[in-house]
1. Only one of S629, S678 is among the small types (G, A, S), closer than 30 Å to P738 by Cα and in contact with a strand residue (DSSP E or B) (Cβ under 6 Å, 6 or more places away or on another chain); which?
2. I'd like to check which strands (runs of 3 or more DSSP E) are fully inside region 321-422 and have at least 2 residues that are among the small types (G, A, S).
3. For F198, which of the numbered conditions (1) within 51 Å of the chain's Cα centre (by Cα); (2) surrounded by fewer than 18 Cβ atoms within 10 Å (Cβ to Cβ) fails to hold?
4. Which numbered condition in (1) surrounded by 15 or more Cβ atoms within 10 Å (Cβ to Cβ); (2) among the hydrophobic types (A, V, I, L, M, F, W, C); (3) over 26 Å from Q194 (Cβ atoms) is the only one that A79 fails?
5. Say we look at region 108-130 and pick out the residues that are touching a residue at least 24 places away in the same chain (Cβ under 8 Å) and hydroxyl-bearing (S, T, Y); which of these is farthest from Y96 (Cα to Cα)?
6. Of the conditions (1) modelled with pLDDT under 80; (2) on the phi < 0 side of the Ramachandran plot, H495 fails just one. Which one is it?
7. Just wondering, is there one or more residues in region 397-418 that are modelled with pLDDT under 85, buried (at least 16 other Cβ atoms within 10 Å of the Cβ) and small (G, A, S)?
8. On the basis of being buried (at least 20 other Cβ atoms within 10 Å of the Cβ), in the same structural domain as Q899 (by TED's automatic domain parsing) and under 22 Å from L876 (Cα atoms), does Q922 make the cut?
Amino acid sequence: MIKTTTVLIILWLGVFLFGTNHFLFGQADLFFNELTSRNGLEDTKVVFVYKDTRGFTWIGALGGLYRFDGLEVIYYGEAKGVDEPYLQGSMLEDKYGNLWFCAYNKLFCYERMRDTCLSFGGFQERKSKETLDDYGLIALDEQNQLWLTAGQKLFQVDLDKTLRNKKLSFQAYQTGEQKIEGKRFLPLLNADQQFTGFVEFFFIGSGMRIWHKHSDQSFQSKRYFTSDNGKLPEIKVKQVLPIQNKSAEYLLCTSLGLALFDATNENLGQFFALPNRINITFAVYFQPGLVLCSTSDGLYFFNLRKKTFSRAKDWSANLNTSIISRNNFRELHLDRDGILWGLAFDEGLCYADPKLVKASFTDLPFKVECLQETSNGGLLIGSVNGFYLLKKTGERSHFLPNERINAFYKDRNQKWIWVITEKHLYTFEPGTAKLNKIFEDPGFPWSLYQSSDDTYWMGNIQGVKKLNVDQRHKMRISSQTAQLLGDRNIWEDTHYKRLYLQENLSNLHVYHYQQGDWLSDTSFSIKGQLGGYLIPRGSDKIWVATIKGIKLIHRTKLSIEDLPIPSYWPSSNITGMLQDQEGIIWVSTNTNLLCFSPRGKPLQVHNTQEGLFAAPFQYETLQRLSDNSLVIAGRYGFSRFYPQQMVQDQALPKVQLTRLLIQGRPFDEVFPADSAISEKKYICLKYKQNTISLRLIGIELGQPSNVKVQYYLQGLEKQAEASIRNQVAEPRYGRLAPGKYTLMARAANANGVWSDWRAKMRIEIIPPIYMRWWFMLLALLLFSLGIVGLVQLYYRAQLRDARVRNEEQERILRDIHDLTSGKVVFFQDFREFAKDKIPQVEFKDKALNIAEQALQLFNRISSAVRNSKEIDSTLLEFLHQLITESRKMVADQLVFEAQLDASIPYRWVAGESKKHLNLVVQEALGNILKHANATQVQLSAKVVDGKLSIVLKDNGSGIPTAVVAQIKPTATVKESGNGLGNMLWRMKSIGGHIEWINQHGTSVIISIPLQKVQPKRRSLGNFNKLTLL
């Protein structure tokens, strides 16, 4: 017989599971996170919570101000300018992002750019010197005017002038004899969002007051629900909520419950109260038409249309994951991002994302071992104490209360479901609820599988066996598989007729069907328990869930590989897999659900806070039901959801830079007078400040653990190299080279949707002086000038040396000229004497020969002296001079003929080329006179292709061919006995060419290149240089 408590649980379970989905009513389940002294909130006496436009949450407490970024709580005390405790009830943000809040006798402004607070005081009435206390903020209008109360009077503060002058700029408004006594206000705005008044209600005492602004700088009010207002009862008003599109109608949260109030007609509607005198302490709009109330009995929803209450499901409280009592919420607040905050005075804060919980959870008093949907839409739930049948109608039944249920298996051909217990194998018919025992198995059966040939395979701790259902007996298969452990690890690929069996949690064997039997094919080494198999639609790979991720087995090649999964995803202990109607693949781990595209691309991660409170999940309990919803079971019950609800869009996290260390020192120490790091867009560092550490936080309070932050330093890294971290990224860059960098960052929500890349900070590291462009340009210029100076000094030294050599050369030439001129006259006289005075023919010939050779020698010396000065001349001048000297040299001994081409152009011959050409021609003529036995010589000159060609042709005996072949340029012209080699060397030194041809005498062919313009050269003896300056 079933106990009464169990019956009630099952009845509630059936109604919940098969009733109308709770999302259709507009309310949501909640899962609160908590912020207490254990999380860094040292003062738990919280009076206000405010979310600014940057994503930071500001917490005002009696002891000071705190900032929460989703990861850590930072205290703003005296060091940040908050030098007065006992903060009052609200905070407002102006158009510049500055935050305004107040204490008992000070108005504070948090300057975001400087990350510090300014304080102001000194409110006075007109014509009064008395300073007022007891501040309270009311509203901040579109003109950046702050409305507040001080000393029960009303003031308007011009925030622009106040910040500019660092002094309060305010205007007092007349309120008559009436005083502003409350600290809770509801601003009233017209259609243009202009401030027109406010509603005041009180911490202590009864009633409420509505104030209206007049054009004469005064306000007038009317009080309701007090003893002096006979039309309305005296009640305590705790909260006032405006009715949408109705300017003078309000929803009042009172000591008697919720009520609608028409202020124009002073009409109070019916009170809606909770039973058993449950006290409503606060109310806030949760959704349009839906109000969330904090009560002495937890949280309740109030539907304005239906005028009904319903308890809000707070699973964090139900699952005993909270320490703050939900009955102690003094105030509720819904911030700009839709995060719900509960202020529990003296205990701390609770916060929840109402959009987060998307799955419905059924809490059970037992651990679910397995699930199976029946053909008529019911659900079988297996436990250690039998199983339950839940029908759509809510009817329920309990079976086998004394046996542990290991698995369910739906037969392919029959209408029954196999029930596998520790000792028995049953068939269960859901339509008739008939349970039949097939046989008893002492081997502790784990699983059952029916292959495509209608063979039944049963796995137990002794191995895998074939089952003959008709004869009700078991039969062992081959000895190899006798050691296989079933444990839900039997599966068939029906298309390829392959059976997959895992052996002893270590090896996965593959069998193929052939000739009516299953034969061993191959095996894979896979350790640990498997969580199931899946073939995605259109895929040729089998997904195998393992304790170390997902393996992919190619169905045709029978090869195995790993499915790439991001390193930051929880991918161990895979417990189940399935593919939904849209093709999305759902993979369950111990505590998470992973989503993949049909091709295996990672999409998103779902965790406990989304309603998956059944975690840790059981193996193979992830299933798709007939209505396309998914269900998964675990230790605490089971969760059910529709896939399209889990992938709803979520807000993108904000990325904030919250810390910057420069050479290990905090930013505010390095730049104490600079702006706040979170607002800083550009910093300029010295070249020694080249090591920086940063902290980037992706702010998202709903699922902070699933937030991803990606970043890279532009200028050092490429976007493709961007790193990804969970919620917090703390990059460090050491020894950055001088230059410009930009820190780029973005964040992704739990659905894996990334925000756009944004530049969080530009960083410039100034190079040292020696690396700056102007310094390098100046250094290059100075270096160039130094080189030029050194070259000038060198050439000046060369010029001085050349001048000395030239002077010495001139002296030697003069001496030689003086000596040779006298000797020439002597040998000329001697020659005349020999002709006339020596009678003997033999002696006369010798004397004449000596005289002629001496004269030739002195003539050559004179010619060399004349040509030693390297003076440039035109080609025609040079050729005429060359012919003249050559004729003189061979006069009286040879017949000399000269031929010049009539078309010789106007060209220049360098002085050095002239010297070498004269010496080569003289050497050639001397050789003809000495050795050729010639009687005539012919000199011809012409210009071919820009080159001067000179040919000396004689009619002598010629030069032996062997001698010509051995001609080599001598190393120096000082060597004697090698005249032909000297000629070759001289021509090569001026870029010319010489050759000897024996044909009817000897032809000496000389050619050198010519210049079109006169070369600008200075004669330095044997040294020549281009004029540089």
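The values are calculated or read from the model by the stated rules, or taken from the named source; none is laboratory data. Everything quoted here is computed from the prediction, not taken from an experiment. Here the Cβ is made from the backbone with ideal geometry for all residues, glycine too, and neighbour counts use every protein chain on show.
1. Values: S629 fails: closer than 30 Å to P738 by Cα.
Just a single option satisfies the conditions, and that option is S678.
2. Working: elements: 329-334, 340-344, 348-352, 360-363, 370-373, 379-383, 386-390, 396-399, 405-410, 417-421.
Hits in region 321-422: 340-344, 348-352, 379-383.
3. Evaluating F198 over (1) within 51 Å of the chain's Cα centre (by Cα); (2) surrounded by fewer than 18 Cβ atoms within 10 Å (Cβ to Cβ) leaves (2) as the failure.
4. Every condition holds for A79 apart from (1).
5. Only one residue fits best here, namely S119.
6. In the conditions (1) modelled with pLDDT under 80; (2) on the phi < 0 side of the Ramachandran plot, H495 misses (1) alone.
7. Kept after step one, since they are modelled with pLDDT under 85, are these residues of region 397-418: 412-415.
Add one more test, that the residue is buried (at least 16 other Cβ atoms within 10 Å of the Cβ), and what stays is none.
For region 397-418, residues modelled with pLDDT under 85, buried (at least 16 other Cβ atoms within 10 Å of the Cβ) and small (G, A, S): absent.
8. Working: buried (at least 20 other Cβ atoms within 10 Å of the Cβ): yes; in the same structural domain as Q899 (by TED's automatic domain parsing): yes; under 22 Å from L876 (Cα atoms): yes.
Criteria met by Q922.
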